[in-house]
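K.L.:
Supplied in structure tokens, the structure appears directly below.
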Amino acid sequence: MLNRNYVASLLAGLMLCGASGPASAQDLLPDPAITPDGGFLTVEIENDLFAKLANTDRHYTNGIKLSWLSGPTTDLPGWLKTLSAPPLFGLVTNDKNITGTTHRIGVALAQAIFTPDDTDATAPIPTDRPYAAWLHTTFTLESIRTNDFGEAWQDQWKLDLGVIGPAALGRQTQNGWHKVINAEQSNGWANQLKNEPGVNLSFERAWRSSLFETPKMFGLATDIIPFGTVAVGNVLTYAGVGGVWRIGPTLPDDFGPPRIYPGTGGSEWFHTSTGFDWYLFAGVEGRAVARDIFLDGNTFTDSLSVDKKPLVGDFKLGAVAVLGSARLSFTHDFRTREFYGQPKIDQFGSIVLGFAL
């Protein structure tokens with residue numbers, strides 16, 4: 001099992017420097033809204049096959065992620081605790097009303113694969129998005145703050161370090177899997193983006209607030225969880241806002257299931273159940289995109305590219321089931337056109353299986 005102090009030190013060395021400062025008293029308080037746990041292990045798979053039920057590959061075609069998230073910890077370096085509450089935090093919360101703070105750290109290994117629509121062609125296709133793969137490690141600092149009114153705010157800092165290009169092993173992963181299932185090979189990987197290190201930093205805030213109270217429907221509880229995010233790096237640079245609406249017999253105090261790409265919304269931690277629990281959800285998100293290497297092409301050398309659209313939207317529908325210490329979710333995602341000349345919207349499915357340790 002990963003040593004928590006080691007991972008915290010690694011985070012301190014890798015994430016951007018922040019001002020150091022002493023930990024406040026509330027940082028040492030356990031969060032009454034969070035069930036004590038030993039952390040979480042999560043496996044996520046995203047694939048267009050799950051949405052279209054057809055053995056085809058198109059655009060964002062596959063993502064896989066294995067992640068570990070610690071249990072609540074109080075032994076973070078002081079500057080990381082300071083970083084966990086950005087200067088603008090007080091604009092949407094009243095620090096004096098915060099009664100509980102929980103910090104978690106995490107690490108993940110993920111791969112995302114992109115292809116053009118025509119995977120039979122061996123020649124470059126300048127009018128469609130290029131072949132690309134992104135293999136990276138993600139370091140996470142997650143903080144949850146609660147007050148006596150049952151409100152909660154979740155902040156997540158994520159640092160991605162990895163590589164785009166042949167070193168990301170997209171061709172081997174896709175065609176190797178196709179060989180196992182006796183599917184056609186993708187023939188254009190020789191035209192993929194070139195090797196380039198990828199560094200990305202993102203921040204996301206999600207919250208459950210009395211401002212967004214919703215009435216019961218059909219005798220079932222409902223709620224809305226809005227979120228906002230910003231990402232900066234040579235891989236993805238964007239700002240986005242969105243929200244998730246949930247309905248179920250009881251709604252847990254988590255923030256919904258996580259996602260791989262672009263990875264906004266949700267939480268890897270969840271409340272375990274003594275029996276069986278479930279809920280349905282629908283969500284929407286809009287992003288203003290300044291850079292997307294998978295469309296813009298390599299940063300430092302010439303490569304295939306397409307003209308991306310500056311605004312992209314996602315709409316998702318899904319279900320979550322919790323049985324004991326396991327949570328299973330399925331999400332069907334509809335994504336608007338990401339580049340000029342794209343003939344139609346994209347669809348893909350996401351399956352997430354998480355275990356409380």
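K.L.:
Which of the residues that make up region 243-268 are more than 17 Å from L220 (Cα to Cα) and over 13 Å from the mean Cα position of the chain (by Cα)?
P.N.:
G243, D254
K.L.:
For residues that are of a type in the set (A, V, I, L, M, F, W, C) and crowded, with 17+ Cβ neighbours inside 10 Å, tally how many sit in region 280-302.
P.N.:
Here is the first cut: in region 280-302, the ones of a type in the set (A, V, I, L, M, F, W, C) are 280-282, 284, 288-290, 293-295, 300.
The next check asks that each one be crowded, with 17+ Cβ neighbours inside 10 Å; those that pass are 281, 289, 293-295.
Number satisfying all stated conditions: 5.
K.L.:
Residues in region 266-305 that are of a type in the set (F, W, Y) and out of contact with any Phe, Trp or Tyr (no Cβ under 9 Å at 6 or more places or on another chain): how many?
P.N.:
4
K.L.:
Does any residue of region 285-300 turn out to be more than 17 Å from the chain's Cα centre (by Cα) and at pLDDT below 95?
P.N.:
Within region 285-300, one or more residues are more than 17 Å from the chain's Cα centre (by Cα) and at pLDDT below 95.
K.L.:
Return the total of residues in region 37-66 being crowded, with 21+ Cβ neighbours inside 10 Å and within 15 Å of I105 (Cβ to Cβ).
P.N.:
Total satisfying the criteria: 3.
K.L.:
Let me ask something additional. How many residues, within region 97-139, are within 22 Å of the chain's Cα centre (by Cα), surrounded by fewer than 20 Cβ atoms within 10 Å (Cβ to Cβ) and either of a type in the set (V, I, T) or not in a strand (DSSP E or B) (or both)?
P.N.:
The number of residues fulfilling the criteria is 2.
Residues are listed down the side, and each one gets a yes or a no for (1) touching a residue at least 24 places away in the same chain (Cβ under 8 Å); (2) touching a strand residue (DSSP E or B) at 6+ places or on another chain (Cβ under 9 Å):
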residue: E204; (1), (2): yes, yes
residue: W207; (1), (2): yes, yes
residue: E213; (1), (2): no, yes
residue: G219; (1), (2): no, no
residue: I224; (1), (2): no, yes
residue: V241; (1), (2): yes, yes
residue: F255; (1), (2): yes, yes
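Here is a yes/no grid of residues against (1) at pLDDT 95 or above; (2) closer than 25 Å to L41 by Cα; (3) among the small types (G, A, S):
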{"site": "W207", "(1), (2), (3)": "no, yes, no"}
{"site": "L211", "(1), (2), (3)": "no, no, no"}
{"site": "G219", "(1), (2), (3)": "no, no, yes"}
{"site": "V232", "(1), (2), (3)": "yes, no, no"}
{"site": "F255", "(1), (2), (3)": "no, yes, no"}
{"site": "R259", "(1), (2), (3)": "no, yes, no"}
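K.L.:
Tally the residues that are modelled with pLDDT of 95 or more, farther than 17 Å from V107 by Cβ and buried (at least 19 other Cβ atoms within 10 Å of the Cβ), restricting the search to region 141-170.
P.N.:
The total comes to 4.
The values are calculated or read from the model by the stated rules, or taken from the named source; none is laboratory data. Please read all numbers here as calculations on a predicted model, not as lab measurements. Ideal geometry is used to build each Cβ from the backbone, glycine not excepted, and the neighbour counts take in all protein chains shown.
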